[in-house]
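Undergrad: This is the structure I have questions about; it appears just below.
The values are calculated or read from the model by the stated rules, or taken from the named source; none is laboratory data. Not measured: the values here are computed from a predicted model. Cβ coordinates were reconstructed from backbone atoms using ideal geometry, including for glycine residues, and neighbour counts include every protein chain displayed. Side chains are part of the model used for accessible areas, which takes the heavy atoms of the whole protein and leaves out ligands, DNA and RNA. Shrake-Rupley method; radii C 1.70, N 1.55, O 1.52, S 1.80 Å.
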Amino acid sequence: MGKGGQADEAGAERAAMPGGSALLAVAALPATGALSLARRAARRTRRAVADAASETATATVDAVLESRTAEQLLGKVIGSPLVERTLSRALEGPLVEALSRDMVRHAVLERVAETILTGDALEAVLERAEAAEVPRRIADRVLADGIVEQTVARVLESAELERAVAAALDSPATERLMVRVMESRLLDETVDRLLDSEELWLLVQEIADSPAVTDAIGRQGIGFADQVAGGVRARSRRADAWLERAARRALRRKPLGELPPGPPPDPS
Amino acid sequence: MSRSPVPARLQTQPSAPATTQVYEGLVTRGIAFAVDAALINLAALIVSVSVGLALSVLDPSNNLETAALAVAGVAYVVWTIAYFVTFWSTTGQTPGNRLLQIRVCRARDGEALRPRKSLLRLGAMVLCALPLFAGFLPILVNSRRRGLHDMIAGSVVVSAPVEAR
């Protein structure tokens, strides 16, 4: 502060005094100036001490952080059971819930996600992942570990899939979709291409030659023969009854009522 | 001790299941016989055609042809006899009988005929056919639907439905 400032301060003190004590104020002017100087010196000293202490503390912290001893101490502290117990207690206690509530209240996750999504960080991470062939490696690992098979088996065995399929099949949207597919030209073209393809006929040949199909056809043939034979049996027995009635009428014999029971079945 | 009017083996056993067998009539048996005749002749035809083709290539003399015809005739008769006797004596069902689900069995106990009785039945069938098939007419009026050949051989023809698989 300059001399102008000091004169203003003294003038202000004089103005603040009552009119009768102006002489006393003039007499105390040197003391007042000395007091003011002392105050300024004290402030400068405190500031210098504070700056020096700050610099010293910073230097000390830097020295501590760079020292091997501090690193060893930190390692010991981190590796000590005390830290482990402290962390366990902290995790078991209400701290986690309180942190979670605060994170939700202050929308920490949303802010972090917003920052990541709007910035270039995500793009950079994706590019680096792509450059490192991370997707291919993940796919290889998934395929090698049989995760796909396990997942497919789990899905196929689950009742949820059946419910989902049933719901999808029962829905009117599926019906409309099927109608549109059936009426589309795409289906006709697909069928035409299928019929023209040689692979289809090879597949048909394979299926027709399979033992299951030949067995089924054989069973069908036997079933048809049984059906025909059954028809012949029924008609022949009706013809028997008619012929016998006619013969008995011609011979003027009483119609045969219930036939006597036959012999017991063949023991073999 | 008076003799029971029903043979012992035909008496119903209390624990035995009730029989549902019935005697089969002329038409059903005739169809079964026609199927058997078709099978016999089909087999004979295949064999005779094969042998005839072989002989046509070998070009035998007339005497050999005559002998082959005689052998073929005898073989046909033997084959026919063997066909019926074998089936009647074993399962009681020829293929034609099986198709029509009927069975030839002994009248007294329901078992299959002995070979001698089967042979007798076949011979009696031939005799029944000689007088314009008159020997089969008793089937129409007999209470057990037995023809003359059945009476001679002591046989009956009953239904034999195949059990459901």
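Undergrad: If R₀ is 60 angstrom, what is the calculated FRET efficiency for the pair residue B:108 and residue A:217, using the beta carbon separation as r and rounding to 0.05?
TA: 0.85
Undergrad: With springs connecting C-alpha atoms under 10 Å apart, model chain A as a Gaussian network and identify which of A:246, A:113, A:124 has the largest mean-square fluctuation.
TA: Fluctuation is largest for A:246.
Undergrad: As a test of the formula, what do you get for the protein assembly as shown when each DSSP H run with n ≥ 4 contributes -39,500 (n - 2.57) and the sum is divided by the residue count, at 222 nm and rounded to the nearest 500 deg cm²/dmol? Intermediate results must be reported in sequence, preceding the final value.
TA: On the way: 21 runs with 318 residues, N = 433.
Calculated from helices alone, the mean residue ellipticity at 222 nm is -24000 deg cm²/dmol.
Undergrad: Residue by residue, what Karplus-based ³J(HN,Hα) values in Hz, rounded to whole numbers, does region A:80-90 have, using 6.51, -1.76 and 1.60 with θ = phi - 60° and x for Gly and Pro?
TA: 6, x, 4, 4, 4, 5, 4, 5, 4, 5, 5
Undergrad: Residue B:66 accessible area, nearest 10 Å², 1.4 Å probe?
TA: Approximately 90 Å² for this residue.
Undergrad: Quick one: which residues, 5+ away or cross-chain, put their amide H under 5 Å from the amide H of residue B:155? H built at 1.01 Å from N.
TA: Long-range HN contacts for residue B:155: B:107.
Undergrad: Can you compute 3J(HN,Hα) from phi for each residue in region B:120-129, using the Karplus curve 6.51 cos²θ - 1.76 cosθ + 1.60 with θ = phi - 60°, rounded to whole Hz and x for Gly and Pro?
TA: Result, rounded to whole Hz: 5, 5, 5, x, 5, 4, 4, 5, 5, 7.
Undergrad: Report the FRET efficiency, 1/(1 + (r/R0)^6), for residue A:105 and residue A:180, where r is their Cβ-Cβ distance and R0 is 41 Å, rounded to 0.05.
TA: With a Förster radius of 41 Å, E is 0.20.
Undergrad: For region A:142-147, in order, what is each residue's ³J(HN,Hα) by Karplus, 6.51 cos²θ - 1.76 cosθ + 1.60 with θ = phi - 60°, in whole Hz (x at glycine and Pro)?
TA: Taking θ as phi minus 60°, the curve returns 4, 5, 5, 7, x, 5 Hz for region A:142-147.
Undergrad: Okay, next question. For residue B:160, list long-range residues whose amide hydrogen, built 1.01 Å from N in the peptide plane, is under 5 Å from its own amide hydrogen.
TA: Placed amide hydrogens put B:102, B:103 under 5 Å from residue B:160.
Undergrad: Which distance in Å, rounded to a whole number, links the C-alpha centroids of region B:141-156 and region B:94-111?
TA: With region B:141-156 and region B:94-111 each reduced to a Cα centre, they are spaced 13 Å.
Undergrad: Still on this structure, I have one more. If you count only protein heavy atoms and use a 1.4 Å probe, how large is the accessible surface of residue B:84, to the nearest 10 Å²?
TA: 10
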